[in-house]
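Visitor: For reference, the structure I am asking about is given below.
Just so you know, all these numbers are worked out from the coordinates, no wet-lab data involved. What you are looking at is a predicted structure, and each value in this text was computed from that prediction instead of being measured. Here the Cβ positions follow ideal geometry from the backbone for every residue, glycine too, while neighbour counts run over all protein chains shown.
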Amino acid sequence: MLSKWLAALFLAVCSTHAVAADRIERVEPVSWWVGMQDPRLQLMVHGNRITELEPTLDHPGVKITGVHRVANPNYLFVDLEIAPETRPGPVRIDFSKGGRKVARRDYLLQAREPGSAQRRGFGPQDVIYLLMPDRFANADPANDVVPSMQDGLARSKPLGRHGGDLQGIAKHLDYIAGMGFTQLWLNPVLENAQPDASYHGYAITDFYRVDPRLGSNEGFRQLARDARERDIGMIMDVVLNHIGSSHWWMRDLPAPDWINYGGKFTATHHVRESLQDPHGAEADRRSFADGWFVETMPDLNQRNPFLATYLIQNTLWWIEYAGLSGLRVDTYPYSDRAFLTEWSRRVMQEFPNLNVVGEEWSGSPVTVSYWQRGRKPADGYVSYLPGLFDFPLQEAVSQGLLEKEGWGTGLRRIYRVLAADGLYPDPYNLVVFPDNHDVSRLYTVLGEREDLTRMAIAFFLTIRGIPQLFYGTEILMNNPGTEDHGVIRSDFPGGWPGDVKNAFTGAGLSAAERSMQEYMRQLLQWRRGASAVHGGKLTQFAPMDGVYVYFRRDAAQTVMVILNNNDQGTTVDTQRFAEVIGNATTGTDVLSRQAHELEKGVAVPARSATILELT
Ligand SMILES: [Ca+2]
Ligand SMILES: [Ca+2]
């Protein structure tokens, strides 16, 4: 009897799918949740001449409030409203033609995780480890080649797929946690079904699917869970500005204005200042934001309201689905400005304690600060974006450590960037970093000088903001003689079966590599308990004679940092810093535990960073 009943059910399910498959190819978002702050949801339904059909549903708490048809008859946009008391579960949506039901979808509404809306995002107590999933570790050779994907495995090619995957990251979470990192930022993990050079992930071809060469949606969610068990948060890399040219939309665009410049490649001029320039021309603003990066990355027109809603919902979906601790937003200023206001408003409305960091790649704090929540720039632009990458500081350190000290050069170049912090409503929420996947690696930039590399690492781990380090910096990975991105993003040693060098175990590392790894590990471990560095005020003293001194101080702790960028050691007279030192008499080196009597001055070696806890 039971088997007969099951067989009937099986047939019913099959026939439903058969009907649905006739007409409905996609419904996105692929699922949703009950109890979001904003009860509205807009479904994008894609299918052959779907516009002829009328969707209806009969489900307590859920109603259709609008149905929109656009230029392309293969799309329907369906507005839903989901009451907070709705019971989670599948909602049957029927699609009818001339009063006859011809297709149906069971749309899943899920219950939210407890505390989801109030989740705490990453912050200055954290240190972020950035890694490129294709290049970190390959734990699943079975996904190295996916027959439906053109860009196959080519480990010998810098721009080829190397086979790294999410399972590889999961396998080495203990290494990442053991180093002392508390957040993971992965370069984009969503499908990039591009014909070539797709390893970096920035040419997304499906907004609701993890690339099968990296793993699966469930695998990504599991990785975030496994990380959270080790007190590591997951930051997702979000791309709002463009898609990959092989995105399924490109074969059947919802509307003629979906892609900027009518879908024809027209390059951006990258002059980002034009957006904010009070003397700027509208034509420049338009072509900056509407122009494409490259021909293989069609630029999205977020002025189309259906596209804007699609992108906002997609971001919310991943936060909720994968349990994210934050977002990194690619090419932030290149999206439509009004859209960015709404996107950031909606994200922060749903997740008020989340952190989000935007990429505005400019060396000017004026340009970067424009986007931070609360800034109130002259043109009245409103943003809800909490954080930005501190590119000005990254550039200043890259140059300043190599320069002779002068009026505005050397350490003063770094000091000067921080002295402009008044532009930011919240400079402590900037993400500070020595390098990332788009620039030459730190060790290469600093002329392969270990002493300067240590100084930079110590600086970024003690200055205000949220430090981010790029995988491999800890073992002096470099890109000598080339700026090739594929080389900058080389494979992490030990991540592939048969690697002779193994950074996870230390096998085959040179003494210098091992020493840098240990240096970073010790500093990270110390930083975990250093409340002054997490939340303490920064006080800096203007660099003099190649020595730069700054303090971090809260109620519990005072930390003094001395950078000596001279070729000789020196003794630093502490009298000038009396206003911060106060009654403290001793400075204890946080690594060597050596105690210095402050009134006798602090002896520091040539080209060094010294970090002292004052008591
Ligand atoms: Ca693999
Ligand atoms: Ca754009």
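Visitor: Quick one: of the DSSP bridges fully inside the chain, what percent are antiparallel, nearest 5? Walk me through the numbers before you get to the answer.
Guide: Details: 63 of 92 bridges.
Restricted to the chain, the bridges split so that about 70 percent are antiparallel.
Visitor: When all alpha-carbon pairs of the range 318-476 are counted, what percent fall beyond 20 Å?
Guide: 52
Visitor: Taking neighbour Cβ counts within 10 Å as the exposure measure, how do MET250, MET560, MET236 sort from fewest upward?
Guide: Fewest to most other Cβ atoms nearby, the residues stand as MET250, MET236, MET560.
Visitor: Apply the Karplus parameterisation 6.51 cos²θ - 1.76 cosθ + 1.60, with θ equal to phi minus 60°, to every residue of the range 590-597 and state each ³J(HN,Hα) to the nearest whole Hz, in sequence, with x for glycine and proline.
Guide: 6, 9, 8, 6, 5, 9, 10, 7
Visitor: Turning to a different aspect of this structure: Cross-link partners among lysines for LYS501, C-alpha distance below 23 Å, same-chain residues fewer than 8 apart left out?
Guide: Within the straight-line cut-off, LYS501 pairs with LYS157, LYS171.
Visitor: Just the number: Rg to Rh for the range 120-228, Cα atoms, Kirkwood Rh, two decimals. Intermediate results must be reported in sequence, preceding the final value.
Guide: Values: Rg = 13.9 Å, Rh = 14.2 Å.
Ratio of gyration radius to Kirkwood radius: 0.98.
Visitor: Moving on to the next point. Cut-off is 10 Å between beta-carbons; in what order do GLU25, GLU518, GLU513 appear when sorted fewest neighbours first? Walk me through the intermediate numbers first.
Guide: Working: GLU25 15, GLU518 12, GLU513 21.
The order, fewest Cβ neighbours first, is GLU518, GLU25, GLU513.
Visitor: Sticking with this structure for a sec: Please list the equivalent ellipsoid semi-axes of the chain, computed as the square roots of five times the alpha-carbon gyration tensor eigenvalues, in descending order and whole angstrom. Kindly include the intermediate steps, with their values, before the conclusion.
Guide: Values: eigenvalues 451, 137, 110 Å².
Those come to 47, 26, 23 Å.
Visitor: Short version: ³J(HN,Hα) in whole Hz for each residue of the range 431-441, in order, from phi by Karplus 6.51 cos²θ - 1.76 cosθ + 1.60 (θ = phi - 60°), x for Gly and Pro, what are they?
Guide: 8, 9, 7, x, 6, 8, 6, 9, 10, 4, 5
Visitor: Hey, what's the Cα Rg ratio for the range 215-314 versus the globular rule of thumb, 2.2 N^0.38 Å?
Guide: Against the compact-globule rule of thumb, the ratio is 1.37.
Visitor: Rounded to the nearest 20 Debye, what is the dipole magnitude of the chain about its Cα centre when Lys and Arg each give +1 and Asp and Glu each give -1 at the C-beta?
Guide: It comes to approximately 1180 debye.
Visitor: Would you work out which of PRO298, HIS269, SER198 lies farthest towards the positive end of the dipole of the range 198-309? Charges go on Cβ: Lys and Arg +1, Asp and Glu -1.
Guide: Result: SER198.
Visitor: A further question follows. Which of ASP451, ASP231, ASP211 comes first, and how do the rest follow, when ranked by fewest Cβ neighbours within 10 Å?
Guide: ASP231, ASP451, ASP211
Visitor: Please compute one quarter of the surface area of the Cα convex hull for the range 490-587 and express it in square nanometres.
Guide: On the way: hull surface 37.3 nm².
Taking a quarter of the hull surface, the average projection is 9.3 nm².
Visitor: Can you work out ³J(HN,Hα) from phi for every residue in the range 376-384, in order, using Karplus 6.51 cos²θ - 1.76 cosθ + 1.60 and θ = phi - 60°, giving whole Hz and x for Gly and Pro?
Guide: Computed from phi, the couplings for the range 376-384 are 6, x, 4, 7, x, 4, 10, 9, 10 Hz.
Visitor: While we're here: In the chain, which helices (entire DSSP H runs) extend 30 Å or more along their own long axis, judged by Cα positions, while averaging at least 0.0 on the Kyte-Doolittle scale? Intermediate values should be presented prior to the final figure.
Guide: On the way: long enough: 2-23 (32 Å, 0.97).
Span-like helices, by this rule, are 2-23.
Visitor: Pairs of Cα atoms under 8 Å, at least six residues apart: use those to get the relative contact order of the range 54-131, whole percent.
Guide: RCO, the range 54-131: 25 percent.
Visitor: Mind ranking 269-276, 391-398 by how tightly packed they are, going by the mean number of other C-beta atoms within 10 angstrom, highest first?
Guide: With the highest mean Cβ count within 10 Å placed first, the list reads 391-398, 269-276.
Visitor: Relative contact order for the range 527-615 using alpha-carbon pairs under 8 Å, separation at least 6, rounded to a whole percent? Please report the intermediate quantities before stating the final value.
Guide: Numbers: 179 pairs, mean separation 25.8, N = 89.
Relative contact order for the range 527-615 comes out at 29 percent.
Visitor: Computed over the Cα atoms of the range 168-277, what is the ratio Rg over Rh, Rh following Kirkwood?
Guide: When Rh is taken as the Kirkwood radius, the ratio is 1.07.
Visitor: Please give the charge dipole size of the range 311-431, origin at the Cα centre, charges +1 on K and R Cβ atoms and -1 on D and E Cβ atoms. Round to the nearest 20 debye.
Guide: Dipole of the range 311-431, to the nearest 20 debye: 260 debye.
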